[in-house]
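Engineer: Below: one structure in structure tokens.
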Amino acid sequence: MKTIKWSFHTGHKNKVDHSLNIEDIIDKTYSPYTSLISDATNNRKGVVFSKCPAVTDFMKSTYVFRSPIDINFDIEITDESCKVYCENISQELFDDIIDIEFLDKQERGDSKYPLLGIDFLNTFTCDSSVMLQVFPAFMHYNDFTAKTTVIPGEYDINKWVRPIELVFEVKNRSEQINIKKGDALSYFKFSCDDSVKLENSATPWEEISICNNLRNSNKFKPLKVRYRSYKEYNDKKD
């Protein structure tokens, strides 16, 4: 069994060492992750695909990430302006967790799909090599999954340490999106032959800072180069 250490925080004012006091806005009973295979089978009893090994093997070690709070978006995007409102949260919280930098002209490129982020930041680490894959929550149906597409990705959580931001395209340039506490937002799949155990841990700020500095030297260098530079850094420390 592989133990995957996880931590959850918010805040993009300084992605390395700043966060709003998350305990003040999140219910004490909040649990970020549930098993996809349990969710899928509990809501689809007796469905034939739930017995297919190709499906169950894919779902194995895949977890549903759920929203800790309600957020209601109003989005109006034109060629001339970009407006995003969240009337049910405070301005302080909006400024801290709603990432609108992707709407800047230098970021958005030529796309008809507005790109936004929510700084629900998940960090995963493991003592051995494990590929983490991020997917849209395609087997869950809510207002968020109907109107957006989460940007997928993958990397080795043993070779690189970074918080995962919830980044998504909105399917329409004018839209209202209502996220409810507990709504499925994305999936995290840990690709390995062993079973997986998730263990809550402190946020690894030092490792995040190191990887962030290495990334900033060239933001689009390949992952294999980042892995090598992070290993070389740690080898020098030892």
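Engineer: Please get the size of the charge dipole for the chain, origin at its Cα centre, with Cβ charges of +1 on Lys and Arg and -1 on Asp and Glu, quoted in debye to the nearest 20.
Structural biologist: 1020
Engineer: If you take the beta carbon distance between Ser217 and Ser129 as r and set R0 to 25 Å, what does 1/(1 + (r/R0)^6) give as a FRET efficiency, to the nearest 0.05?
Structural biologist: That pair, Ser217 with Ser129, gives E of 0.60.
Engineer: Further, regarding this structure: Name the helices (complete DSSP H segments) of the chain with a Cα length along the long axis of 15 Å or more and a Kyte-Doolittle mean of at least -1.0, or state none.
Structural biologist: Membrane-span-like by this criterion, though nothing is claimed about a membrane: 205-216.
Engineer: Based on other C-beta atoms within 10 Å, arrange Cys52, Cys211 from fewest to most.
Structural biologist: Neighbour counts put them in this order, fewest first: Cys52, Cys211.
Engineer: Which aspartates and glutamates have a Cα lying under 13 Å from the Cα of Lys224, excluding residues fewer than 8 positions away in the same chain?
Structural biologist: Glu154, Asp156, Glu232
Engineer: A further question on this structure: So which chymotrypsin sites (Phe, Trp or Tyr not before Pro) in the range 129-238 are both in a DSSP loop and have at most 13 other Cβ atoms within 10 Å of their Cβ? Kindly include the intermediate steps, with their values, before the conclusion.
Structural biologist: Numbers: sites: Phe138, Tyr141, Phe144, Tyr155, Trp160, Phe168, Tyr187, Phe188, Phe190, Trp205, Phe220, Tyr227, Tyr230, Tyr233; in loops: Phe138, Tyr141, Trp160, Phe220.
Listed in order of number, the matching sites are Phe138, Tyr141, Phe220.
Engineer: Now a separate question. Considering only DSSP states other than H, G, I, E and B, which GluC sites (Glu not before Pro) in the range 51-128 qualify as loop sites with at most 14 other Cβ atoms within 10 Å?
Structural biologist: Taking the range 51-128 and a limit of 14 other Cβ atoms within 10 Å, the loop GluC sites (Glu not before Pro) found are Glu80, Glu87.
Engineer: With equal scatterers on the alpha carbons only and no solvent term, can you work out the Debye log10 of I(q)/I(0) for the chain at 0.07, 0.08, 0.09, 0.15 1/Å?
Structural biologist: -0.25, -0.32, -0.41, -1.16
Engineer: Can you sort Lys237, Lys5 so the residue with the fewest Cβ neighbours within 10 Å comes first?
Structural biologist: Neighbour counts put them in this order, fewest first: Lys237, Lys5.
Engineer: Moving on. What percent do you get for the relative contact order of the chain when only Cα pairs under 8 Å and 6+ apart count?
Structural biologist: Numbers: 429 pairs, mean separation 66.5, N = 238.
Contact order relative to length: 28 percent.
Engineer: To continue, here is another question. What aspartates and glutamates could a cross-link reach from Lys197, if we take a straight Cα to Cα line under 16 Å and drop same-chain neighbours fewer than 8 places away?
Structural biologist: Partners within reach: Asp127.
A short reminder: the numbers here are calculations on the coordinates, not readings from a lab. It should be emphasised that the depicted structure is a prediction, and the values quoted were computed from it without experimental measurement. Note: ideal-geometry Cβ built from the backbone for every residue, glycine included; neighbour counts use all protein chains shown.
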